[in-house]
């Protein structure tokens, strides 16, 4: 009885503190192959969210974008934006930092709860010009985990070839595509593109 009570409390505590990751599992976070020789400078700029695992920020949202730029302290600014079901624009800002130079493993935190704690942001693969596959996983005591996946594109409407390439990256890492849902990018306002690379501080 005490074990069952402890486990229920454990599950409650974990999911209260990891509501940003919405696909639960048991055990530790599985190993994934994070991209090597990662060029953060080429990754900056505007990305459109194409597909994702269920995620609390984007529930009921459409026209979801993420924009990355350099901060003066060499961290990366994060600006996520969407249009909610009532037509209002909603956004959240944060900061990302590379854990190790040249490896696409980052820690990201945002300016409001429940995203204020640092979470993993792992780029499994990107060609910088067309698409990126991003993965995050949180584990608690090695007993349970919660995973998030995003497929991003430089275009609102990438070709099926690009989607297939992104799915191939997920399959190579034994990550299920069953939980992916399509992000609505139709009838969206035009985004402003700008050269964020010029903002890099040498």
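The values are calculated or read from the model by the stated rules, or taken from the named source; none is laboratory data. These numbers come from a predicted model, not from an experiment. Note: ideal-geometry Cβ built from the backbone for every residue, glycine included; neighbour counts use all protein chains shown.
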Selection within segment 67-118 - under 15 Å from the mean Cα position of the chain (by Cα), closer than 17 Å to residue 35 by Cβ and either in a loop (DSSP other than H, G, I, E, B) or touching a residue at least 40 places away in the same chain (Cβ under 8 Å) (or both): 68, 98, 104, 105
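Here's the yes/no breakdown for (1) in a strand (DSSP E or B); (2) at pLDDT 95 or above; (3) touching a helix residue (DSSP H, G or I) at 6+ places or on another chain (Cβ under 9 Å); (4) over 29 Å from residue 28 (Cβ atoms):
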residue	(1), (2), (3), (4)
138	yes, no, yes, no
146	yes, no, yes, no
155	no, yes, yes, yes
158	no, yes, yes, yes
169	no, yes, no, no
179	no, no, no, no
187	no, no, no, yes
193	no, no, no, yes
Per-region count, segment 27-48, residues part of a loop (DSSP other than H, G, I, E, B) and loosely packed, with under 12 Cβ neighbours inside 10 Å: 3
Failed criterion for residue 9 (all others in (1) at pLDDT below 95; (2) surrounded by 12 or more Cβ atoms within 10 Å (Cβ to Cβ) hold): (2)
Subset of segment 80-101 (residues that are farther than 28 Å from residue 157 by Cβ and in contact with a helix residue (DSSP H, G or I) (Cβ under 9 Å, 6 or more places away or on another chain)): 98, 101
